[in-house]
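Here the structure is laid out as structure tokens; the discussion comes afterwards.
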Amino acid sequence: MAESNGSDRRKFSRIHTDQVMSFSHVDARDQLGVSKDVSAGGIRFEAVGCEINMGDVIRVTFNVGEQTITTVGRVVRATEIDPITLDIGLEFLEIDAMDLRLLEDSTEQIPSI
């Protein structure tokens, strides 16, 4: 029996990123983070020195190519990397239709990870 890797089970293909992005709880001050990967369904990023919990609603702003995307999502994973750094998995709740199409088009052109 052949083993399948994790990408075979993913609902959305991901684009590897490593860029500065901003995030905040809705109606709070923006903070900076580093995006790790993004898909049409969500984004994974690292956040330093803040408190984020499962279920929190977060607004994120990040770039795909030269396009800036701002969207709102729910935290579906918050894993402590070290005492001050969190790895956050955010599922998009609200995303502009054109931004969603950009993400879908971008992930079709790049091999999934």
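Each value in this text was obtained by applying a stated rule to the coordinates, not by laboratory testing. A quick note: this is a predicted structure, and the numbers were derived from the prediction, not measured. Counting neighbours? That spans all protein chains shown, and the Cβs are built from the backbone with ideal geometry, glycine included.
Could you please report the charge total around Val57, scoring K, R as +1 and D, E as -1 over all other residues with beta-carbon less than 13 angstrom from its beta-carbon? Each step should come with its number before you reach the end.
Details: positive: Arg59, Arg74; negative: Asp27, Asp56, Glu91, Glu94.
Charge balance in the 13 Å sphere: -2.
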Expected sort for Met54, Met21 with the fewest Cβ neighbours (10 Å cutoff) up front is Met54, Met21
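At 10 °C and 1.306 mPa s, grab the translational diffusion coefficient of segment 14-109 from Stokes-Einstein with a Kirkwood Rh over Cα pairs, rounded to a whole number in µm² per second.
Diffusion coefficient, whole number: 120 µm²/s.
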If the chain between Asp87 and Arg29 were fully extended at 0.36 nm per residue, the gain over the current Cα-Cα distance would be 18.9 nm
